[in-house]
1. So, Leu42, is that one farther than 30 Å from Thr271 by Cβ and crowded, with 19+ Cβ neighbours inside 10 Å or not?
2. Aromatic (Phe, Trp, Tyr) and more than 30 Å from Trp183 (Cβ to Cβ), is that true of Phe49?
3. Report yes if Gly205 is touching a helix residue (DSSP H, G or I) at 6+ places or on another chain (Cβ under 9 Å), surrounded by fewer than 16 Cβ atoms within 10 Å (Cβ to Cβ) and at pLDDT below 95, otherwise no.
4. Of these, Arg158, Arg228, Arg179, which one is of a type in the set (Lys, Arg) and within 21 Å of the chain's Cα centre (by Cα)?
5. Six or more apart or on different chains, Cβ atoms under 6 Å: show the pairs whose first residue is in region 143-170 and open to solvent by less than 10 Å² (accessible area, probe 1.4 Å) and whose second is assigned to a helix (DSSP H, G or I) and modelled with pLDDT of 95 or more.
6. For region 182-202, name all the residues that are of a type outside the set (Lys, Arg), surrounded by 12 or more Cβ atoms within 10 Å (Cβ to Cβ) and under 30 Å from Asn65 (Cα atoms).
7. Somewhere in region 12-22, is a residue under 28 Å from Ser311 (Cβ atoms) and open to solvent by less than 100 Å² (accessible area, probe 1.4 Å)?
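The values are calculated or read from the model by the stated rules, or taken from the named source; none is laboratory data. Here the structure is a predicted model, which means the values were calculated and not measured. All Cβ positions, glycine included, derive from the backbone under ideal geometry; neighbour counts span all protein chains shown. Remember, those area values only see protein heavy atoms, side chains included, never the ligands or the DNA or RNA. Shrake-Rupley method; radii C 1.70, N 1.55, O 1.52, S 1.80 Å.
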Amino acid sequence: MSIRNRLYHDHVTLEEEQAERLSYSSENWYNVEVRPPKDEDLPATLDNFAAGIRELQTKWLKLRNASPTIAFEIRRHTPDKLTFQFSTPTKRLERKVRTQLSNQVPSVEFDEGVEGLPGGEESTAGGGFLTSGRRDWYPFRTDFDDPPVNSLVSTFHRHAMQNTSFVVQVLFKPVVGERVQRWLWKKQAYKQIRYLKKEKEQLWGSRSPTKREKRQADAIEAKAGNSRFHTSIRFAVLGAEEYTKSRVKELAGSYNTYENPETGQYLDTVTVEALREQRIFDFLQAVADRKYAGWGRKFQASLNELAAFVSLPDNNRENIQFAQP
């Protein structure tokens, strides 16, 4: 065993007060459980829905991004129940979620969602997050025949991971305001576009850009020129004990489907490990509170990429909570 493995923790054992704190959010959220229809083909990605709930809000002469953050969560509190929910900071936005999702998936049903993380006293808890493997101006895969979330649902049937509970959380809010940061992001993106399109100097002369380089440049340009969202994908894993790190990798593995072979973009996995157990608890609290604070690097996703990250399943796993026929 390496020195790092001996010194660094990847999970904590929750005390009663900690478990209580993680069972709710520090702010008021409106939680909507989403129940997809059974035995129906669903849209592979929810593009119209993602566009319909996008709200741009700024403060301080349009310098500060005040847009609301929305959370999409996949929850397994028990092996027999896998649920999907959206959480919004306002009642008005909750109504918009219901309306826009019903417009794209007419047979969907809604129920009241839940707060917090499902760990109790003496339960172990840890987690991890995903970040863009390449600079985030390179797009992820967005062309799917079936909902990409099917890969996660197929992996986490009721017999998988024994009694481990988890919450997969996708936080997102529009990119707006923050003029300096947006200018720098675009400047770097277009610098990469120019590099991909120009002739490359080699030892024996120069070469023209390849077809793949041209397609990559076009993909980056399309992403840079359209709507984007600050996005964070995080995992909270409870009850896995010494298998916490392995469970994080299992969850992350189901997101391999978003790898884009054309641009080389993929989601890289980071397990939360720390010398001090308090840092792990801080990460879990950020997940419970649905805040970007704590560990978990955010990246910019296009509207089409976000629509793929928040897809709903259409495969008939026995532990999914479906709409009533």
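1. Working: farther than 30 Å from Thr271 by Cβ: yes; crowded, with 19+ Cβ neighbours inside 10 Å: yes.
Spelling it out, Leu42 is indeed farther than 30 Å from Thr271 by Cβ and crowded, with 19+ Cβ neighbours inside 10 Å.
2. Details: aromatic (Phe, Trp, Tyr): yes; more than 30 Å from Trp183 (Cβ to Cβ): no.
Considered against the rule, which asks whether it is aromatic (Phe, Trp, Tyr) and more than 30 Å from Trp183 (Cβ to Cβ), Phe49 comes out as no.
3. no
4. Numbers: Arg158 fails: within 21 Å of the chain's Cα centre (by Cα); Arg179 fails: within 21 Å of the chain's Cα centre (by Cα).
Being of a type in the set (Lys, Arg) and within 21 Å of the chain's Cα centre (by Cα) holds for just one of Arg158, Arg228, Arg179, which is Arg228.
5. Listed pairs, sorted by first residue: Pro148/Thr257; Pro148/Ala308; Gln169/Val287; Val170/Phe309.
6. Once the filter is applied, which keeps residues that are of a type outside the set (Lys, Arg), surrounded by 12 or more Cβ atoms within 10 Å (Cβ to Cβ) and under 30 Å from Asn65 (Cα atoms), region 182-202 yields Trp185, Gln188, Ala189, Tyr190, Gln192, Ile193.
7. yes
Listed here are the residues, each with its yes/no results for (1) hydrophobic (A, V, I, L, M, F, W, C); (2) under 14 Å from the mean Cα position of the chain (by Cα); (3) under 30 Å from Ala217 (Cα atoms); (4) open to solvent by 20 Å² or more (accessible area, probe 1.4 Å).
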| position | (1), (2), (3), (4) |
| --- | --- |
| Tyr258 | no, yes, yes, no |
| Ala288 | yes, no, no, no |
| Phe299 | yes, yes, yes, no |
| Leu306 | yes, yes, yes, no |
| Ala323 | yes, no, no, no |
